[in-house]
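Novice: Questions regarding the structure given below will be posed in turn.
The values are calculated or read from the model by the stated rules, or taken from the named source; none is laboratory data. All values derive from a computational prediction rather than experimental measurement. For neighbour counting, all protein chains shown are included, and Cβ atoms are generated from backbone atoms with ideal geometry for every residue, glycine included. Each accessible area value is taken on the protein alone, full model and side chains, heavy atoms only, with ligands, DNA and RNA left out. Shrake-Rupley method; radii C 1.70, N 1.55, O 1.52, S 1.80 Å.
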Amino acid sequence: MGVFSKSCEYAMRAVFYIARSTHEGRKVGIKEIAENIKSPEPFLAKILQKLSKEGIVFSIKGPNGGFYLTEENLQRPIADIVISMDGQEILTGCALGLDYCSENNPCPLHNEFKSIRNNLNKMLINTSIGQFNEELIKGDLRLFKE
């Protein structure tokens with residue numbers, strides 16, 4: 001099980017797949033994305049609709065259509081994907097989901113989780129979709145099992 005919701009995991013995989021396809025100079029359809037990121041197509045359709053509404057991905061209908069990213073999209077931080085799917089809670093929330101947890105009223109995991117959450121925030125905010133995509137293209141990172 002990951003840190004993020006299943007929706008968020010699929011959203012990140014989809015955006016990175018679309019970024020790679022955009023780099024190759026092509027728009028990509030939902031069926032191809034779903035097959036390659038191992039997502040149920042109807043579930044992915046809802047995710048992509050949300051990402052489109054947030055302006056994280058774009059799409060064009062028609063025979064030469066599909067999903068794509070612009071240079072502006074590539075500059076956006078990965079945090080934008082996470083926030084659009086899971087909200088701010090992952091960046092600010094309690095590890096146990098307790099609404100009273102704070103610096104003044106910490107839960108048992110508060111102090112340990114705070115440093116983990118801060119590191120996660122730093123990575124999500126400081127890493128752009130494009131930077132992550134460059135690592136994938138170079139082969140330094142993997143999105144798919146080889």
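Novice: When you scan region 28-36, do you find a residue that is over 16 Å from K61 (Cβ atoms), open to solvent by less than 40 Å² (accessible area, probe 1.4 Å) and among the polar types (S, T, N, Q), even just one?
Specialist: As a first pass, look at region 28-36 and keep what is over 16 Å from K61 (Cβ atoms): 34-36.
This time we only want the ones that are open to solvent by less than 40 Å² (accessible area, probe 1.4 Å), so: 34.
Narrowing further to those that are among the polar types (S, T, N, Q): none.
Looking through region 28-36, none of the residues is over 16 Å from K61 (Cβ atoms), open to solvent by less than 40 Å² (accessible area, probe 1.4 Å) and among the polar types (S, T, N, Q).
Novice: Specify the residue that is farthest from Y100 (Cα to Cα); the eligible residues are those in region 116-143 that are modelled with pLDDT under 80 and assigned to a loop (DSSP other than H, G, I, E, B).
Specialist: Of everything passing the filter in region 116-143, G139 is farthest from Y100 (Cα to Cα).
Novice: Further, regarding this structure: Just to be sure, is G25 without any contact (Cβ under 8 Å) to a residue 24 or more places away in the chain, of a type outside the set (D, E, K, R) and at positive phi?
Specialist: yes
Novice: When you check G2 against the structure, is it open to solvent by less than 60 Å² (accessible area, probe 1.4 Å), at pLDDT below 95 and either among the basic types (K, R) or within 25 Å of E135 (Cβ to Cβ) (or both), yes or no?
Specialist: The answer is yes for G2.
Novice: Only one of these is in contact with an Asp or Glu (Cβ under 7 Å, 6 or more places away or on another chain) and either over 15 Å from F4 (Cβ atoms) or part of a loop (DSSP other than H, G, I, E, B) (or both): I56, I33. Name it.
Specialist: I56
Novice: Here's something else I'd like to know. Considering only residues that are under 19 Å from D86 (Cβ atoms), hydrophobic (A, V, I, L, M, F, W, C) and surrounded by fewer than 20 Cβ atoms within 10 Å (Cβ to Cβ), which ones fall in region 38-64?
Specialist: First, pick out the residues of region 38-64 that are under 19 Å from D86 (Cβ atoms): 39-40, 43-57.
Next, from what is left, pick out any that are hydrophobic (A, V, I, L, M, F, W, C): 43-45, 47-48, 51, 56-57.
Passing the criteria: F43, A45.
Novice: If you check I37, I56, I83, which single one turns out to be under 28 Å from K122 (Cα atoms), without any contact (Cβ under 8 Å) to a residue 12 or more places away in the chain and β-branched (V, I, T)?
Specialist: I83
Novice: Working only within region 5-27, note down all residues that are open to solvent by less than 40 Å² (accessible area, probe 1.4 Å), within 30 Å of G97 (Cβ to Cβ) and either in contact with a Gly (Cβ under 9 Å, 6 or more places away or on another chain) or not in a helix (DSSP H, G or I) (or both).
Specialist: C8, E9
Novice: Going through L74, L44, L51 one at a time, which residue ends up being touching a strand residue (DSSP E or B) at 6+ places or on another chain (Cβ under 8 Å) and part of a helix (DSSP H, G or I)?
Specialist: Values: L44 fails: touching a strand residue (DSSP E or B) at 6+ places or on another chain (Cβ under 8 Å); L51 fails: touching a strand residue (DSSP E or B) at 6+ places or on another chain (Cβ under 8 Å).
Just a single option satisfies the conditions, and that option is L74.
Novice: Can you tell me which of (1) open to solvent by 40 Å² or more (accessible area, probe 1.4 Å); (2) part of a loop (DSSP other than H, G, I, E, B) is the one C101 doesn't meet?
Specialist: (1)
Novice: Let me ask something additional. Can you go through F67, F113 and tell me which one is among the aromatic types (F, W, Y), more than 18 Å from F132 (Cβ to Cβ) and either open to solvent by less than 80 Å² (accessible area, probe 1.4 Å) or part of a helix (DSSP H, G or I) (or both)?
Specialist: So the residue among F67, F113 that is among the aromatic types (F, W, Y), more than 18 Å from F132 (Cβ to Cβ) and either open to solvent by less than 80 Å² (accessible area, probe 1.4 Å) or part of a helix (DSSP H, G or I) (or both) is F113.
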